[in-house]
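To start, the structure under review is shown below, and the notes come after it.
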Amino acid sequence: MLVIGAGRSGLATAEVLHARGVSVVVYDDKPQEALAAERQSLMRVGVPLIGPPELPAAIAAAKGAVVSPGVPPTNAAVLAAVRAGISVDSEIEVAYTLSKAPIIAVTGSKGKSTTTALIGHLLAAAGKRNRVGGNIGNPLIRETAEATSDEWIVAEVSSFQLEGIRTFAPDISVLLNISPDHLDRYHSMHEYAEAKYRIFANQKPKDVFIGNADDPYCAALRDGRGRTVPCQTLWYGTDPSDAKLNALLKDDSLVLRIRGRERAIAAIADLRLKGKHNAGNAMAAVLASLAAGAAVESLSVNLATFEPLPHRLAVVRTDDSITWVDDSKATNPDAAIKAMESFGEPLILIAGGKSKRTDFSHFAAQASKRAKIVVLIGESAAEMGDLIDGPPVVIAPTLEKAVNAAANVAVPGDVVLLSPACASFDMFDNAEQRGRAFADLVRARTSSGLAAS
């Protein structure tokens, strides 16, 4: 078996398959000196790591290939495998074939990690054993390889992972939203949406699909204007007059509609998740947990005990009545817009990074309306800055200088929000590293230093 890509998922796939007696070779086209840690990890389990010179021989010997999520379909190794007639699957496809446990799969342009983690939290609190994995951080294949039939797998899956499925069919699928993202990989929003729709493509009539009626791409599925969903459907949204909703917001509460009867299960103000978009994530998680057999009473009690995940509207500190918020995982414009909409306080926005070729005009309009000052970093800073109309714009060469610039103008009552609307790869290894760097810089400042230049 040829595993293409030596990232976390690729390494996990190689180790799991090797442990099951499969002959595995891992390929990565990065410079070999940059793969020292990965090579060492694979050597410990007896799996070779190869580069471009060894690829033709590996293709000739391979009976199948598994592609890591970050590897595009246009990668030379993927194309070579396809030309050779080798079956090419994604990691989640292989993970699915190994799983003895039922699977809840969550996808969307934003909110995937929060919703996935919340489902795991609610199921555990309801006494249902579960394992959380996938795009959220720990490779799905590790979890499915070890799970038993009396557990649930809760999987965050990306469009990249869904591209390479053939039989993957979760028992419960959740589609949160589809907004412009990854357009550096997809040619159009239609192509991107089609990748997301694959989450339900193989589901059976007994399975369950959960969708967001407020999202146009999801609503098209309900209204018969899009793909046909082949299983039972549950819908959530914010319009209390929509009689087809199974979960909704009403009178500032999260309400379930079960067999025609409404039941409020949580006040929005009691949730630790901030923002209207997170209320939607909570509704999706509640419906998924109900579909998995959790009791309504348990959900009502435990919704409010869930802590926000790191780098998602996470308060780093409040000092001199200035609140610093890390939303580094907002890697597309729509996510950053939702973050800005979560605050009524005066905003100092830190944004920018590596563009995914998305349109920044709507983001810029919201930033122009909501921010008192915008501090921009990274490759996209100039492009974003040209679109901001109204508030002062500062372009900072580093994140440290961006934090300093924000501190120089912040006054009591302000919120300083890192919500980049971009990927991190121009300045950091990933969004998590960017968020940790922001938090470290903020915490390193003393109370007196917050007002210093």
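The values are calculated or read from the model by the stated rules, or taken from the named source; none is laboratory data. Note that the coordinates shown come from a computational prediction; the quantities given were computed from them, not determined experimentally. A quick note on method: Cβ atoms are made from the backbone with ideal geometry, for glycine too, and the neighbour counts reach across all protein chains shown.
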Query raised in the report: Any residue in segment 230-247 that is without any contact (Cβ under 8 Å) to a residue 60 or more places away in the chain, in a helix (DSSP H, G or I) and surrounded by fewer than 18 Cβ atoms within 10 Å (Cβ to Cβ)?
Result: no
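A quick yes/no check of all residues on (1) under 18 Å from T331 (Cβ atoms); (2) in contact with a helix residue (DSSP H, G or I) (Cβ under 9 Å, 6 or more places away or on another chain); (3) outside the structural domain of H362 (by TED's automatic domain parsing):
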site: S113; (1), (2), (3): yes, no, yes
site: V132; (1), (2), (3): no, yes, yes
site: L140; (1), (2), (3): no, yes, yes
site: E143; (1), (2), (3): no, yes, yes
site: S159; (1), (2), (3): yes, yes, yes
site: G164; (1), (2), (3): no, yes, yes
site: I172; (1), (2), (3): no, yes, yes
Requested in this report: Just need a number here: residues in segment 348-364 that are in a strand (DSSP E or B) and in contact with a helix residue (DSSP H, G or I) (Cβ under 8 Å, 6 or more places away or on another chain).
Outcome: 5
Query raised in the report: Applying the selection to segment 335-354, what residues are buried (at least 21 other Cβ atoms within 10 Å of the Cβ), of a type outside the set (A, V, I, L, M, F, W, C) and either free of Cβ contacts under 8 Å to residues at least 40 places away in the same chain or farther than 22 Å from A269 by Cα (or both)?
Result: G352, G353
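What number of residues in segment 193-219 are touching a residue at least 60 places away in the same chain (Cβ under 8 Å) and in a strand (DSSP E or B)?
From segment 193-219, those touching a residue at least 60 places away in the same chain (Cβ under 8 Å) are 196, 199, 208, 210, 212, 214; that's our starting set.
With in a strand (DSSP E or B) added as a condition, the list becomes 208, 210, 212.
Within segment 193-219, residues that are touching a residue at least 60 places away in the same chain (Cβ under 8 Å) and in a strand (DSSP E or B) number 3.
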Query - Where D150 falls short, out of the listed (1) over 14 Å from the mean Cα position of the chain (by Cα); (2) at pLDDT below 95; (3) acidic (D, E) - result: (2)
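What's the total number of residues in segment 365-379 that are in a helix (DSSP H, G or I) and buried (at least 22 other Cβ atoms within 10 Å of the Cβ)?
The initial filter retains those residues of segment 365-379 that are in a helix (DSSP H, G or I), namely 365-370.
Those left that are additionally buried (at least 22 other Cβ atoms within 10 Å of the Cβ): 367.
So the answer is 1.
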Report task. Say whether the condition of being buried (at least 17 other Cβ atoms within 10 Å of the Cβ), of a type in the set (A, V, I, L, M, F, W, C), assigned to a helix (DSSP H, G or I) and assigned by TED's automatic domain parsing to the domain that holds A76 is met by at least one residue in segment 19-27. Result -> no
Query raised in the report: Mind checking whether some residue in segment 196-212 is under 26 Å from F360 (Cβ atoms) and in contact with a Ser or Thr (Cβ under 9 Å, 6 or more places away or on another chain)?
Result: yes
